[in-house]
Structures are given as C-alpha cells and as structure tokens.
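Participant: This is the structure I want to talk about, given as structure tokens.
The values are calculated or read from the model by the stated rules, or taken from the named source; none is laboratory data. Treat the numbers as computed from the prediction; the structure is a model and nothing was measured. Methodologically, a virtual Cβ is constructed for each residue, glycine included, from the backbone with ideal geometry; neighbour enumeration extends over all protein chains shown. With ligands, DNA and RNA removed, areas are computed over all heavy atoms of the protein, side chains included. Shrake-Rupley method; radii C 1.70, N 1.55, O 1.52, S 1.80 Å.
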Amino acid sequence: MSFYVDPSFFMLLAAAVAGAAFLGLRERPLKRYGLVASAAFLACLFCKDLPGLAVAAGFTVAATLATRWLLARPSSNARFYASVGVVLVPLLSAKVGAVFDQNLLGFAGVSYVTFKALQVLFEVHDGIVGKMGVFDYLYFLLFFPVFTSGPIDRSRRFLEDAEAVRPRDEYAGLLARGILLLLAGAVYTFVVAVWLHRFYAPSAWGSGPFVAELGGQVQTAYVYGLYLFFDFAGYSLMAMGASYCFGIRTPRNFRAPFASVDIKDFWNRWNITLSFWLRDFVFMRLSRLALRHRWFKSRLTTACLGFVFDMALMGAWHGLTADYLLYGLYHGLLLAGTEAFQKKSRFYRAHKKSPLFRAASWFVTLQLVMFGFALFSGQVTMLVKGAFHG
C-alpha cells in the first residue's frame, strides 16, 4: 500500500481519523493511539516488501540504540560521530545502490526518517534535548502521515503537540482544518497535477525554427515545474491534514514559491522544511566551523561556499545522478551569487525596494527556477545528449 496514492490508504486513513476524532473530541490524549496507528500503517506499507520491512526495523532499532547511547554522554564527540555514522548507513547505501540500479539497504521513507533521526542526534549533542523517552522517540521517528514524503518536523515541536491534551473546541478546529487540508491536497495532486502532466511531453531539439524549438523547450520546463509543485505540495498538504487530525501541527512545506523575488526567497518558500533543515544543521554549522578556524578570509566567502556545499548536499539527497547533482550545484551557485550581489552591490542597496526592480527580480528568478527544474527533470541532459549525438 502506497501512502496518499492507493484508495486502500484513504479508506484506512478515514477509519484512523474517525478513531482520533472520537478521542480528541472527548479531550482524551492521542499520543498512544497515534503510535499504534502509525505501527498499523507502516505494517501495511511494508506488507509486500519484507526486505524493506527488515531494513526499516533494523534502522529503527539501531537509531534508537544510538540515540540512547548518546543521551548517556551527550558531549562525547566520539559517541556523536559514531551515532551519526550508524544512522547514515542505510541512506548512503540506498543512494549509492541506486546508481547501479540496486536496492542496498533502502526502504520507503529512508530519506525523511534519516534526517529526523540525525536531527535528534544533533540536538542531543548540542544539549538542546536532554531526555527523550523511547516511545516519544519512536512516535517522532515513525509518525505515519509524514513518513514517506515529509514535511520534516522538529522533535521538540512535535512532542509538545503529541503531549498536549486539547480542549474540545481547539481539537475540533484542528480536525476541521486537517480535513480541509486533506481535500485541498487531493485536488492539488489528483486534479491539477494530473491535468498538468497530460501536457508534459519532453522531446529532443527538433529541426524547426529556432524560436519555435526554444518555445517548446521553455513550455516543457514550465509545465514540469508547475506539475512538480502541485504534485509535491499536494502530498505535503495531505500529510499536514492527516497530522492535524492526530493533533500534530506539522509545518507547511510550500508558501507561494513562484512569487519569490530572488533565489534566497525561493528557498524560504519551496520545500521549506528540507531547506531549513539543511540551513540549521549543515550551512550554519559549516559556517561557524569555517569562521572559527579561519578557513577563508571573509564571511562572504564562507557564506558563498557554504551555500554551494549545502545545495550540493541537497542534490545528492535526491539522488546521486548527474541531473540531481547538477540541480543542487546550480542552486548553490545561484544562492552564492545572490548573497554576493546583495552584500556587495550598491545598485541592489539603492533599488531593492523599488517596485520596478522587484518586478524585474521576480521575472528573472522565475526563469532561473524553471531552468533548475529542467535540470532536475533531466530535460537539459536529454538536450545535451541529443546535441552530441545529432
């Protein structure tokens, strides 16, 4: 059973939400029910994938033990690095295996659940999380609405919601909003995205007039970008909706990304939870380390190189293919260029609030974003291969 795809999932979800509503509207705690429901959904997810179930179960046990081990001595660098290594093994194996068309320790949801497990290790090592019960940890790690497709929640925020026993009216508001989010997400994914996908027909550069061929390639990039947004945003909305029904206010993942006025603004609006995770746990840490050891002469150089590394890692997280890696490197260079332009340019400082400048910046940003989607989808790779073989 695939989450947010198969009719059986939605039938089971309706039954699970009914049980959550029965408890929530009577002001009963939902945490234990949510953990049992998550176990049931994950059993259905892996019912036809026993190898995946075995790896997922092994990962869960290993991540739990590693976290408990680190909690005993959170300041130990040796324990921290060893724990991070243990947690990363399945994800790294899956990404490397995919390059050779092999499934090495991969399982449904490995990317998202790994980032959540890593987050807890970082927070424990930093002293932000001093204690976490086994069942609390398992609930955060295995919460079914976000298991396969995100968004990536934060452990402290999640557990605050999980522990809350809400008044009847407050939970009724969450339930109503959750149902509306589920419906909105379904429209995004199963109506708008499906309709857009009908027009997505990537093709090699033809022998027609240059302008016509260019127009066709631009249209393909735009259609794919819009399709990807409505498909992914739809899944995220449905995940948020299911979470709300269980009393968990999972954060939103998209905020009008095509209204962005620069690339930094775009990554504050697109796949927000992944972008912010990488910002907090990769970019900021790398920047602090570089500044502490004076690896580079200026803060601007540190920031620019940090953006490139951060986004290259994002591309690798999607997959170790040329398309994904180029997509990550492309956005890293765009972010670095934007940072340098905004910090160094007098023209930017003089005109950044001008409506004309903001309109022009929005238009340029949109074209850059759509070209990025052409990289992500493999459209550019196909054109390059066609040019060499033509």
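Participant: Hey, any idea what % of the chain's accessible area is carbon plus sulfur with a 1.4 Å probe?
Facilitator: On the way: 12900 of 19340 Å².
Carbon with sulfur: 67 percent of the solvent-accessible area.
Participant: How long is the stretch 157-304 along each principal axis, judged by its Cα atoms, biggest number first, in Å?
Facilitator: Principal-axis extents of the Cα atoms in the stretch 157-304, largest first: 66, 52, 21 Å.
Participant: Same structure, new question: Using the basic label-point model (7 angstrom from Cα toward the beta carbon), what is the S345 to V194 distance in nanometres?
Facilitator: 4.3 nm
Participant: At C47 and F135, where each label point lies 7 Å from the Cα along Cα→Cβ, what is the point-to-point distance in nanometres?
Facilitator: 2.6 nm
Participant: Sticking with this one: Which FRET efficiency, nearest 0.05, do L291 and D265 yield, Cβ-Cβ r, R0 25 Å? Write out the running numbers ahead of the final one.
Facilitator: Values: r = 25 Å, r/R0 = 0.99.
The calculated FRET efficiency here is 0.50.
Participant: Would you be so kind as to identify which of A43, L88, Y235 lies farthest towards the positive end of the dipole of the chain, taking Lys and Arg as +1 and Asp and Glu as -1 on Cβ and the Cα centre as origin?
Facilitator: L88
Participant: Suppose we look only past 27 Å in the calculated P(r) of the chain. What percent of the Cα-Cα pairs does that tail hold? Could you put the intermediate results ahead of the total?
Facilitator: Values: 42493 of 75855 pairs.
That tail contains 56 percent of the Cα-Cα pairs.
Participant: Given a Förster distance of 45 Å, report the FRET efficiency between L25 and A322 from their Cβ-Cβ distance, rounded to the nearest 0.05. Write down the numbers at each step before the final one.
Facilitator: On the way: r = 52 Å, r/R0 = 1.15.
E(calc), rounded to 0.05, equals 0.30.
Participant: When only alpha-carbon atoms are used, what values of Rg and Dmax, in angstrom, describe the stretch 281-377?
Facilitator: My reading of the Cα-based Rg and Dmax gives 15.2, 42 Å.
Participant: Show me the helices of the chain, taken as full DSSP H stretches, that run 30 Å or more along their long axis by Cα and average -0.5 or above in Kyte-Doolittle hydropathy. Mind showing how you got there, number by number?
Facilitator: Details: long enough: 50-72 (33 Å, 1.43); 77-99 (32 Å, 1.28); 210-245 (52 Å, 0.82); 322-344 (32 Å, 0.16); 355-377 (33 Å, 1.38).
Both cut-offs are met by 50-72, 77-99, 210-245, 322-344, 355-377.
Participant: Can I ask one more? How many Å² of accessible area per residue for the chain, probe 1.4 Å?
Facilitator: Numbers: 19340 Å² over 390 residues.
Accessible area per residue: 50 Å².
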